[in-house]
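The values are calculated or read from the model by the stated rules, or taken from the named source; none is laboratory data. Because the structure is a prediction, the values reported are computed rather than measured. Note that each Cβ is placed from the backbone with ideal geometry, even for glycine, and that neighbours are counted across all protein chains shown.
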Amino acid sequence: MPEKTAPAPDCCSDERTGAALIPVDRAVEIGIALAQPVAEIELVTLDDAYARILADDLVAPMPLPPFDNSGMDGYALRHGDIAPSGPTHLKVTGRVAAGDDAGRAGIVGKGEAFRIFTGAALPQGADAVIMQEHVARAGDTITLTAPVPDGNNIRRKGEDAPEGSVLLSAGTYLGAREIAAIASVGQPRVQVRRKVKIALFCTGSELRQPGESLAPGQIYNSNRFMMMAALRTPSISLRDFGAIDDDPDQLRLALIKASKDADIIVTTGGVSVGEEDHMVEQLVAAGGQIDVMKIAMKPGKPLSVGTLNGAIFIGLPGNPVAAYTTWKVIGQCIADKVSGLKTSKKAVFQVELARDVTRRAGRQEYRPARIIGTSPSGHPVVELLDHSFSAKISLICSSDGFAVIPPEATELTAGMKLSFVAL
């Protein structure tokens, strides 16, 4: 039976104006094209290197490992001394532990073996290591009952990385594994791209800060703290401008101020087409330009992307889920490019639907979904949550990510495969 898949993505139009909306992938392409990696480089210690972006290739200054060594606790021996059948008896004449100078321990001669431990340098004369569990020892004699292959349990000099090879390429995200590679060649510091400077402010005259009293018609500013948390990473230097009222003059001045020392300006709210949505017009009034406005995405249609005084402007929608989703799907890709990251680390994989779902065709939808099991083919099985969710923070708190529904899909059947953006 043929595999069920969702139809290919397509564009759509704004139901209010009839104007064509920009497809999500195209919006990402435009935003990435506007972005230029920061040029400045910093030298940081390995303690401060986590989650930074490597500025230059890391080249191995020596072979890794730097010498032949044992991969097991056991006995170093000459494989040619072992009888092809029947027992072989070898005399234990030396001992080498990790960190010892194997050259001082002597030479493994004919009919001899050295006690050796994991990571210890292979003594001269030995060409194989047998695990301690595979021998019987009585005093200074070990007995083997089977042949030992040449090179058995030996980690050869340079087999991990030859001298002069590129261990990590420029633009690599430095996680725990990458920092281990840097430390393994004895490098205490590393050159990284400087942090991306991001200016953040939220708009809305109705917004109040947590802890303040609410008057009728007012709400708490969740977007500010959500985005501050999303942007507080080791590769970002965040400047928070707080909340700005829906006043054109205040917004224009805030945009100009934010652009003076920022690589990226991130705002929430004020980018739709209502009478109190002034962000886009004030960005243009301040001398900026808009390159993306209104995308074929649900939630997040009002997302705007442009530039102002050399800074990239990312205007996220005001609804919290829409703001978070558009940042995750589009904004983060732009920030990654500015940081110098060579490839985005967005976690996207395939899932299967748990049950049939119908929806209205239109925009590419990022529906909060919960993983509830695993299919016979090994894919996670997801349950889609409420279709009306752009302002419901509780839904993304109870979801595992977003199931990506192509714009023309109307009948989604159980077992259909969709892309899934993990949170």
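Numerical summary
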| item | result |
| --- | --- |
| Candidate set from the range 94-120 (those that are more than 13 Å from Gly74 (Cα to Cα) and touching a Phe, Trp or Tyr at 6+ places or on another chain (Cβ under 7 Å)); member that is surrounded by the most Cβ atoms within 10 Å (Cβ to Cβ) | Val108 |
| Residue check, Glu365 surrounded by 19 or more Cβ atoms within 10 Å (Cβ to Cβ) and among the acidic types (Asp, Glu) | yes |
| Residue in the range 253-270 that is basic (Lys, Arg) and touching an Asp or Glu at 6+ places or on another chain (Cβ under 9 Å) present | no |
| Candidates Ile142, Ile154, Ile130, filtered to the one that is more than 30 Å from Ala35 (Cα to Cα) and touching an Asp or Glu at 6+ places or on another chain (Cβ under 9 Å) | Ile154 |
| When residues of the range 62-83 are limited to those that are among the aliphatic types (A, V, I, L, M) and assigned to a loop (DSSP other than H, G, I, E, B), the one nearest to Pro149 (Cα to Cα) | Ile82 |
| Residue list for the range 265-304, filter: crowded, with 24+ Cβ neighbours inside 10 Å, hydrophobic (A, V, I, L, M, F, W, C) and in contact (Cβ under 8 Å) with a residue 60 or more places away in the chain | Ile265, Val266, Met279, Ile295, Ala296, Met297, Leu303 |
| Long-range neighbours under 8 Å by Cβ, at least six apart or interchain, first residue at positive phi within the range 306-327, second part of a helix (DSSP H, G or I) | Asn309/Ile256; Asn309/Ser259; Gly310/Ser259 |
| Failed item, numbered, when Thr93 is tested on (1) assigned to a loop (DSSP other than H, G, I, E, B); (2) more than 29 Å from Ala180 (Cα to Cα) | (1) |
| Leading residue by the ranking (modelled with the lowest pLDDT) among those in the range 1-40 that are in a strand (DSSP E or B) and loosely packed, with under 15 Cβ neighbours inside 10 Å | Thr5 |
| Pick from the range 338-356, criterion modelled with pLDDT under 95 and farther than 21 Å from Leu54 by Cβ, ranking: farthest from the chain's Cα centre (by Cα) | Phe349 |
| Any hit, the range 209-232, residues being surrounded by 16 or more Cβ atoms within 10 Å (Cβ to Cβ), more than 15 Å from Ile314 (Cα to Cα) and out of contact with any Gly (no Cβ under 9 Å at 6 or more places or on another chain) | yes |
| Members of the range 405-423 that are more than 17 Å from Thr358 (Cβ to Cβ) and touching a Leu at 6+ places or on another chain (Cβ under 9 Å) | Lys417 |
| Residue within the range 48-56 that is surrounded by 13 or more Cβ atoms within 10 Å (Cβ to Cβ) and assigned to a strand (DSSP E or B) present | yes |
| Pairs with Cβ under 7 Å, 6+ apart, first in the range 163-188 and free of Cβ contacts under 8 Å to residues at least 24 places away in the same chain and under 15 Å from Arg52 (Cβ atoms), second β-branched (Val, Ile, Thr) and part of a strand (DSSP E or B) | none |
